[in-house]
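Every number in this text was worked out from the coordinates using simple rules, so none of it is lab data. On a predicted model such as this, the values are computed, not experimentally measured, just so you know. Here the Cβ positions follow ideal geometry from the backbone for every residue, glycine too, while neighbour counts run over all protein chains shown.
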Amino acid sequence: MSARPAVGWSGRSALPACLGLLALAACADEPVQLAPRYTPTDSLAVANHPSPAGRAPCRVLLAVVQDMRDDPQAAGTFSERFVHAEDAPAWLRSGLLSISRDTRLDLSDQTPPAAAELLIKVDLLKLYMLPINEAKSANVVIRVHYAGPGALSDEQVYRGAFTSLDWTGAGGEARGAFDVALSKVLEDVDRDLVSRCTAIGRAKG
């Protein structure tokens, strides 16, 4: 009776290990896709301030979100992979709508124009990631056009950036960095919306 060839532990584990390496090699060339929706970042969340007594939330209409980038797909590189951002307008819109977590504001893209106290149109100017040695830098630049009574009609450019080390090289890490960068922009937009709404309220008496 012939002896059965012995198979050691290393023999049993070699195939899964090789398959894992092949999978990593294949993923290394795949582009990173920007998330279709913004995920709020707890540490940089829009503050949930109580509305002043007897005052209803300021109704803000998000009228337009448009992509003004030269290349609506390219958004830099991450871990030697291209970042694609064709869903950037939807991602940005969902981020702006999250401002309604601030109970002083009722920001929606469904508010009738006649019922809105303030109207905003938003341009996405830049969205990109840059490698910096062993780190990554996510950057977001938008322009907000404010339309309100009298002198309250103007525009403002907002910039948000977040730099952190590369840990895993996974796409989720890049998407999270963009969310943090956008969170910083949203905090500034939230502050300016509240300021403008307060001025509108005072003007109404």
Using the 10 angstrom Cβ neighbour count as an exposure proxy, how do VAL189, VAL157, VAL140 rank, fewest first? VAL157, VAL189, VAL140
Between MET68 and ASP188, what is 0.36 nm times their sequence separation minus the Cα-Cα distance? Round to one decimal in nm. 41.2 nm
Quick one: if you stick a label point 7 Å off each Cα along the C-beta vector at GLN156 and ASN133, how many nm between them? 3.5
Distribution of pairwise C-alpha distances over region 32-204, 10 Å bins, in %: 10, 38, 31, 15, 5, 0
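Starting from the Cα-Cα distance between LYS204 and ASP29, subtract it from 0.36 nm times their residue separation and give me the gain in nm to one decimal. The partial results should precede the final answer.
On the way: separation 175, 0.36 × 175 = 63.00 nm, distance 5.78 nm.
Length gained, LYS204 through ASP29: 57.2 nm.
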Could you name the lysines whose alpha carbon sits less than 17 Å from that of LYS184, not counting residues in the same chain fewer than 8 places away? LYS126, LYS136
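First measure r as the distance between the Cβ atoms of ALA114 and THR163, then evaluate 1/(1 + (r/R0)^6) with R0 = 45 Å and state the FRET efficiency to the nearest 0.05. The partial results should precede the final answer.
Values: r = 44 Å, r/R0 = 0.97.
Rounded to the nearest 0.05, the efficiency is 0.55.
Can you tell me the order of 177-185, 72-80 when each peptide is scored by its average per-residue count of other Cβ atoms within 10 angstrom, highest first? If you can, show how the numbers build up before the last one.
Details: 177-185: 22.7, 72-80: 17.9.
Per-residue Cβ counts within 10 Å, averaged per peptide and sorted highest first, yield 177-185, 72-80.
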